[in-house]
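Just so it is clear, none of the values below were taken in a lab; they were calculated from the coordinates. Given the structure is predicted, the values throughout are model-derived calculations rather than measurements. Counting neighbours? That spans all protein chains shown, and the Cβs are built from the backbone with ideal geometry, glycine included.
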Amino acid sequence: MNDSISFRLMTVADIDQILIIEHLSFTVPWSREAFYNELTNNPYASYVVMLEQNNVIGYCGLWVVLEEAHVTNIAVLPEYRGRKLGEALLNQAMELVKALGAQRLSLEVRVTNVVAQSLYRKLGFQDGGIRKNYYTDNGEDALVMWVNIYETANHTRN
Ligand SMILES: CC(C)(COP(=O)(O)OP(=O)(O)OC[C@H]1O[C@@H](n2cnc3c(N)ncnc32)[C@H](O)[C@@H]1OP(=O)(O)O)[C@@H](O)C(=O)NCCC(=O)NCCS
């Protein structure tokens, strides 16, 4: 991976750049208020940002409650996709989940989002159930995926 890539926790000052990525990545983007609330009012939330130099190029949100953790969102700026950076970002998030003491990490993903599903399977996630009509914009089903982060020796499985 490029030496100029780094990771740190998200702060309120990052929200402007996060919103750009959010709008380029999701059909129902989160609002400024939603991110602000996560960073200032939600004791269970941790958000990781990925930077190239000082520019935010990706982020991953987590809720961690005791041994259970959940990915709220993960996205990479479109022009940076396909360079293993989403994988690096999710690996960082999984390290943070471990450091915070959780054991299982779960998420929902659109059943049609084969790119994200492929990333999650590569890092050891398994299919859970289907949540019917989960997405409000088009009624699409969500696939629940989960991983026991202690059962993936090295997160990347080639
Ligand atoms: C999902 C996302 C974060 C992946 O980030 P990325 O940087 O493009 O992915 P990487 O380059 O790290 O690829 C890692 C793995 O993802 C999968 N993947 C990435 N691009 C893919 C593509 N075009 N087709 C199929 N699988 C793909 C592969 O498994 C890949 O591993 P490989 O290169 O060894 O085959 C990114 O596509 C994104 O931001 N998408 C929009 C937001 C989104 O859908 N988020 C998920 C919501 S649940």
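How about Lys84: which lysines have a C-alpha closer than 30 Å to its C-alpha, ignoring those fewer than 8 places off in the same chain?
Within the straight-line cut-off, Lys84 pairs with Lys98, Lys122.
For the chain, what is Rg from Cα atoms divided by 2.2 N^0.38 Å, rounded to two decimals? Mind dumping the intermediate values first?
Details: Rg = 14.9 Å, N = 158, 2.2 N^0.38 = 15.1 Å.
With N residues counted in the chain, Rg over 2.2 N^0.38 Å equals 0.99.
Over the chain, calculate the relative contact order: mean separation of alpha carbon pairs under 8 Å at least 6 apart, over the residue count, as a percent.
Details: 273 pairs, mean separation 28.1, N = 158.
Answer for the chain is 18 percent.
Restricting to Cα atoms and excluding each atom paired with itself, what does the Kirkwood estimate give for segment 51-128 in Å? Present the calculation step by step, with values, prior to reporting the outcome.
Working: mean 1/r = 0.0760 Å⁻¹.
When all Cα pairs of segment 51-128 are included, the Kirkwood radius is 13.2 Å.
Suppose every Lys and Arg Cβ carries +1 and every Asp and Glu Cβ carries -1, with no other charges. What dipole size does the chain come out with about its Cα centre, to the nearest 20 debye?
On the way: 13 positive and 18 negative charges, 81 e Å.
That gives a dipole near 380 debye.
Over the alpha carbons of segment 74-119, what is the largest minus smallest coordinate on each principal axis, giving the biggest first in Å?
The Cα atoms of segment 74-119 stretch 33, 23, 13 Å along the principal axes, largest first.
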